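Scroll down for the structure; my scribbles are underneath it.
The values are calculated or read from the model by the stated rules, or taken from the named source; none is laboratory data. Please read all numbers here as calculations on a predicted model, not as lab measurements. Every residue, glycine among them, receives a Cβ derived from its backbone with ideal geometry; neighbour counts consider all protein chains shown. Ligands, DNA and RNA are excluded from the accessible area calculation, which covers all protein heavy atoms including side chains. Shrake-Rupley method; radii C 1.70, N 1.55, O 1.52, S 1.80 Å.
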Amino acid sequence: MTAGQPPLEGVAGNAEALERVPVAFVKAVLVQAKTLGRDVQALLDAAGLRSNPLIDDVTEPVSVEQYSRLCLALFRSIDDESGGFLPGVSTPLGGTRLLAYSMINCRNLGQALQRAMDFNATCRERGDHRVVHELVRDSERKTARLCYLSGAAETPGLQVSVLYSLAIWMRFCSWLIDQPIEILRAGCADQEPNRRGGVDHFFHCPVDFGQDSNWVEFSEAVLQAPIAQDESKLERFLKLAPYHVVIKPMVSEGGVAARIRRLLGNDFQRELPTFEELAYQLNMSERTLRRRLDREGTSYQRIKDQQRRELAISLLENAELTVSDVAELLGFSDPSAFHRSFKRWTGRAPGDYRRS
């Protein structure tokens, strides 16, 4: 497994029986299969899908089980659990499982990431391609960057898929420590793609293009978070991985940040509690609350920004709402203030995000 390769194996279980996967994600897998010269119909048959959304007018979402089967069928057909998305690098079937088992008993996330990089340096097939894989810490800013570069950076469009893989990898890391890891900023060793659908799906933060490497930046504090899973939970996760690392992250809501998100809700037209009031509601001192938030790599202001950002993105998908309507629902009396905040949160203006 590379920094971008999650453990993908098996099919979805009963817990996801009622969840559905938008057909756009099915199309993405089939386009990759077609690009790699694989028999699309054979993959559809293996997944139990009757129609081909690449040629048929299909809009109905598919089950988690069908989506997972489709992903696994592609991996088997190319003998590469990275799905053919990482240039010059392949992961033979079973390789990701071995890495996942080597990480599950680590002391904390930092040690697990180091083990992942060691594994990548010695156990993955890459031919003559150069691979840059490192974890860079910035103690002054209290952030860390996970960097990955593989293949020829000059080939247009090649590195964007690597950036997506880094986002997928961070979702697996979030599951390992059972707490969300917010990507604060990301960088891509490619130019900005004409279509931003994939970037906007994985990254709700500013993304810098034309970088020397692909990277994701997050709070350095989460590297000290202990591994919260065990081998029995890993086995269950492996069966659900295609869905949870690409579409819906699998993280519990047990941390103090999650409790704050539940308290805040989505009504931002009301006055939000001060930090002092929040600590009182959580039945702890301000000092204890601040320490616990630091340990989870976040802050009250960051949580408020996250909640507003996610609600803004959801509301912007509603064509019946104007940008001014969205600003009002988020508690902004001045639409221009919402524009500035949204650009700070995502690196883009609300109107640009809506058009992508």
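Overview of values
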item	result
Probe 1.4 Å - accessible area at Thr274, Å² to nearest ten	70
For the chain: span of alpha carbons on each principal axis (Å, largest first)	57, 48, 44
Residue-span extension gain [Asn194 to Asn283] - 0.36 nm each, minus C-alpha spacing	27.1 nm
Computed [θ] at 222 nm, helices only, for the chain once each DSSP H run of length n ≥ 4 contributes -39500 (n - 2.57)	-14500 deg cm²/dmol
Charge-dipole axis of the chain as Lys and Arg at +1 and Asp and Glu at -1 on Cβ define it, positive-most pick from Val26, Pro180, Asn214	Pro180
Nearest 10 degrees, 0 to 90: helix 231-246 Cα axis against the chain principal axis	90
Folded to 0 to 90 degrees: helix 335-346 orientation relative to the chain principal axis, Cα	40
Dipole of the chain [Lys/Arg +1, Asp/Glu -1 at C-beta], most positive-end residue of Gly297, Leu234, Leu93	Gly297
Calculated FRET efficiency for the pair Glu253/Ser324, C-beta based, R₀ 35 Å, to 0.05	0.60
Greater than 27 Å apart at Cα, pairs in Lys233/Lys304; Lys27/Lys248; Lys248/Lys343	Lys233/Lys304
Gained length - Asp56 relative to Gln41, 0.36 nm times residue gap less alpha-carbon distance	4.2 nm
For the chain, built as a Gaussian network whose Cα springs stay under 10 Å, the top-fluctuating residue of Asn52, Asn194, Asn105	Asn194
Apportionment of accessible area to carbon and sulfur, the chain, percent (1.4 Å)	47
Accessible area of the chain divided out per residue, in Å², using a probe of 1.4 angstrom	48
Dimensions (Å) - the stretch 226-337, Cα atoms, principal axes, largest first	51, 41, 18
Gaussian network model of the chain, springs between alpha carbon atoms under 10 Å - residue of Asp325, Asp45, Asp56 with greatest fluctuation	Asp56
Taking the chain and dividing mean pair separation by its residue count, relative contact order in percent (alpha carbons under 8 Å, at least six apart)	17
Calculated over the stretch 141-209: convex hull of Cα atoms, volume per residue (Å³)	93
Cα-based radius of gyration of the stretch 147-289 once divided by 2.2 N^0.38 Å, which approximates compact folds	1.25
Which of Val251, Val136 is most accessible, then next, and so on - probe 1.4 Å	Val136, Val251
Between helix 95-104 and the chain: long-axis angle, C-alpha atoms, 0 to 90°, nearest 10	40
Of Glu192, Glu276, Glu81, the one that fluctuates the most in a GNM where the chain has Cα springs shorter than 10 Å	Glu276
Lys/Arg +1, Asp/Glu -1 at C-beta; the stretch 293-356 dipole; positive extreme among Pro335, Leu311, Trp345	Trp345
Arg262/Arg302 FRET efficiency (R0 22 Å; Cβ-Cβ; nearest 0.05)	0.85
